[in-house]
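Just so it is clear, none of the values below were taken in a lab; they were calculated from the coordinates. None of these values were measured; they are calculated from a predicted model. Here Cβ is always computed from backbone atoms with ideal geometry, including for glycine, and neighbour counts include all displayed protein chains.
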Amino acid sequence: MSTVNKITAHPAIPSDHDILVCVFQRGAADGLNALVPYSDADYYTHRPTIGVAVPGAAGGGVYVTDDYALNPALAPLKPIYDAGDLALVHATGVPHQIRSHFSAQNLIERGVVEKTGPNTGWLGRHLVSSAAASNSAFRAISISGNVPVALSGAVDPLAIDNLNDFGFDQGILDSGYTDVLNDLYQSPVPIFGPAGAALTAMSELQQADIASILPANGAVYPDSAFGNKMRQAGQLIKSELPVEVVCVDSDGWDHHESLPTYIDISLTELADTLAAFNTDMGAGMSRITVLVYTEFGRRVAENGSLGTDHGTASLAYLMGGGVNGGQVISDWPGLDIGVNEDLQITTDLRSVISELLNKRLGGTDVATVFPGFNGPFDVNAFI
């Protein structure tokens, strides 16, 4: 069976559902040097050393509009943008007013702006309140050693760091030991839920023969942590496993010093990986939505170490056949910051996610997913 057929005619995923791949840029990604607002003169006033030059200049950005340019390291994403399959949402975030990485990640993954509120994650609440496409253990998975906060509250979400290492060797399978474990981990044993899900996942993964599913269409993933995770996400999606949500982390975005050097490394990995994933999925991207977001952005002005410090708004990426791509979506607040050091949030990220869940994941109850959030809900703005 071809890669495209496995995705577009998946036996367990309803036709009105996308597969969501959720990428979290941990460390607070600097959106201003990723998508450069080069028509805003204040950008160069506040970033005289680290700013990315205008398109056409030496080392300049990659033109996307008369106001914005991609960092040159993101050039592999330009063909996807031009094809209408990539939207860039600038000056976005969740207005939580926190600058601590751990606390901000906790809030944004819970989908709230205060420490009070549900301890479950926005994705977990969506999944538990929406109909599952199947009873597979692979409905929601994090390709990581831990279940992210965003997935907490879902029914037995999986966390697998390396799919090829998850399971028993053939000798143990032949011994019948897994049958003993299945008999052991039954209700009312307290851990029967996650233990049973793990055993079921091992069985499903063995039957899927993930190792035999190779990148398609000439796709070449970077040999890096993020590249390897997204390659595994592609393997899962192209298998017969009814995956609905995949969570992946992209680490290392806390660029307090020497930002031009270090963000080039991070953006190169991001762009090469997303481009490889898009190529690998081929026509199947019509059934896949990739959301890339971060906990908060960076301050507008460069610091004394040629980096940027913790700020507020940043950049989110939406990639897939169902997005309103080929455009920068932003109510640009300007960079005449005065006494305010930050790029202001003008698009609440929860508006973006709400539209995504409603249009591409079969619908959702926004009041449950984002308690206390009252919009705005932009119709047809992002998806």
Given 237-245, 204-212, 261-269, the highest-first ranking by average Cβ count within 10 Å works out to 237-245, 261-269, 204-212
For region 3-369, shape from the Cα gyration tensor axes a ≥ b ≥ c, cut at a/c of 1.5 then a/b versus b/c, turns out prolate
Fraction of alpha-carbon pairs in region 248-383 farther than 23 Å apart, rounded to whole percent, equals 45 percent
Under a Gaussian network model of the chain whose springs join Cα atoms within less than 10 Å, the largest fluctuation of PHE296, PHE24, PHE373 belongs to PHE373
per DSSP, antiparallel bridges as share of beta bridges in the chain, % nearest 5, sits at 45 percent
Most exposed to least, judged by fewest other Cβ atoms within 10 Å, SER39, SER250, SER330 sort to SER39, SER330, SER250
One finds, for GLU114 and ASN358 with R0 = 30 angstrom and r their Cβ-Cβ distance, a FRET efficiency to the nearest 0.05 of 0.80
Candidates GLY284, GLY56, GLY297; GNM for the chain (alpha-carbon contacts under 10 Å) flags as most fluctuating GLY56
Working note, region 51-177: Cα radius of gyration (Å, one decimal) and Dmax (Å, whole number) are 21.1, 66
Filtering trypsin sites (Lys or Arg not before Pro) in region 113-143 by DSSP loop and by at most 13 other Cβ atoms within 10 Å leaves LYS115
The exposure ranking of TRP253, TRP122, fewest beta-carbon neighbours within 10 Å first, is TRP253, TRP122
Taking VAL155, VAL113 and counting other beta carbon atoms within 10 angstrom, the fewest-first order is VAL155, VAL113
The number of Lys pairs in the chain whose alpha carbons lie under 30 Å apart, excluding pairs fewer than 8 residues apart on one chain, is 11
At R0 = 30 Å the Cβ-Cβ FRET efficiency linking PHE377 and GLU240, nearest 0.05, sits at 0.25
When the chain is treated as a Gaussian network with springs between alpha carbons less than 10 Å apart, the largest mean-square fluctuation among ALA301, ALA91, ALA131 is found at ALA131
ILE265 and SER39 label points (each 7 Å along its Cα→Cβ direction) are spaced in nm at 3.5 nm
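Between SER212 and ASP165, how high is the FRET efficiency from 1/(1 + (r/R0)^6) when r is the Cβ-Cβ distance and R₀ = 25 Å? Nearest 0.05. Display every interim value, and only then the final one.
Details: r = 16 Å, r/R0 = 0.64.
Taking R0 as 25 Å, the efficiency between SER212 and ASP165 is 0.95.
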For the chain, longest principal axis from Cα atoms; helix 259-281 axis from its Cα atoms; angle between them, nearest 10 degrees, is 50 degrees
Relative contact order in percent for the chain (Cα pairs under 8 Å, 6+ apart) equals 31 percent
Going residue by residue through region 371-377, the Karplus relation 6.51 cos²θ - 1.76 cosθ + 1.60 with θ = phi - 60° gives ³J(HN,Hα) values, rounded to whole Hz and with x marking Gly or Pro, of x, x, 8, 10, x, x, 10
Answer in debye to the nearest 20: the dipole magnitude of region 3-369 about its Cα centre, from +1 Lys/Arg and -1 Asp/Glu charges placed on Cβ, is 460 debye
